[in-house]
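Reading through the structure tokens given below for one structure.
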Amino acid sequence: MNNKMDDEVFYVDDLLGLNVFSEDKKKLGVITRVWKTAGNDVYVVKNDKKEILVPALKKVVKKIDLDKREMIIYLLEGLDEL
């Protein structure tokens, strides 16, 4: 199982297509793009209604499981309402 988070580096190609869930198991969408920024990467998570921008920070991204093709995130207040 590949779900280590401590200083783990993931390739963009491995992240594209991952299903993204909140900690309470609500499906938020699928990673469609990764934006490189000066401070941190940003995952673009798309569902049938909108795009959600998720900062690639340890306090936000709780788990990445490449075998299950999923990412669990802490959903920051208002993040899914934008």
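The values are calculated or read from the model by the stated rules, or taken from the named source; none is laboratory data. Please read all numbers here as calculations on a predicted model, not as lab measurements. Cβ: placed from backbone, ideal geometry, glycine included. Neighbour counts: every protein chain shown.
Things worth noting here:
- Condition met for V60 (touching a Leu at 6+ places or on another chain (Cβ under 6 Å) and either surrounded by 14 or more Cβ atoms within 10 Å (Cβ to Cβ) or at pLDDT 95 or above (or both)): no
- Residues satisfying the stated conditions in segment 21-41, i.e. among the aromatic types (F, W, Y) and modelled with pLDDT under 95: none
- All positions within segment 16-56 that are surrounded by fewer than 16 Cβ atoms within 10 Å (Cβ to Cβ) and either within 12 Å of L75 (Cα to Cα) or touching a helix residue (DSSP H, G or I) at 6+ places or on another chain (Cβ under 6 Å) (or both): S22, E23, D24, K25, K26, K27, L53
- Taking the criterion of being part of a loop (DSSP other than H, G, I, E, B) and either touching a residue at least 12 places away in the same chain (Cβ under 8 Å) or touching a Phe, Trp or Tyr at 6+ places or on another chain (Cβ under 8 Å) (or both), the residues of segment 11-23 that qualify are L16, G17, L18, E23.
- Residues in segment 29-66 that are in contact (Cβ under 8 Å) with a residue 24 or more places away in the chain and closer than 15 Å to E8 by Cα: K58, V61, K62, K63, I64, D65, L66.
- Of the candidates L18, L66, the single residue that is under 9 Å from the mean Cα position of the chain (by Cα) and either of a type in the set (K, R) or modelled with pLDDT of 95 or more (or both) is L18.
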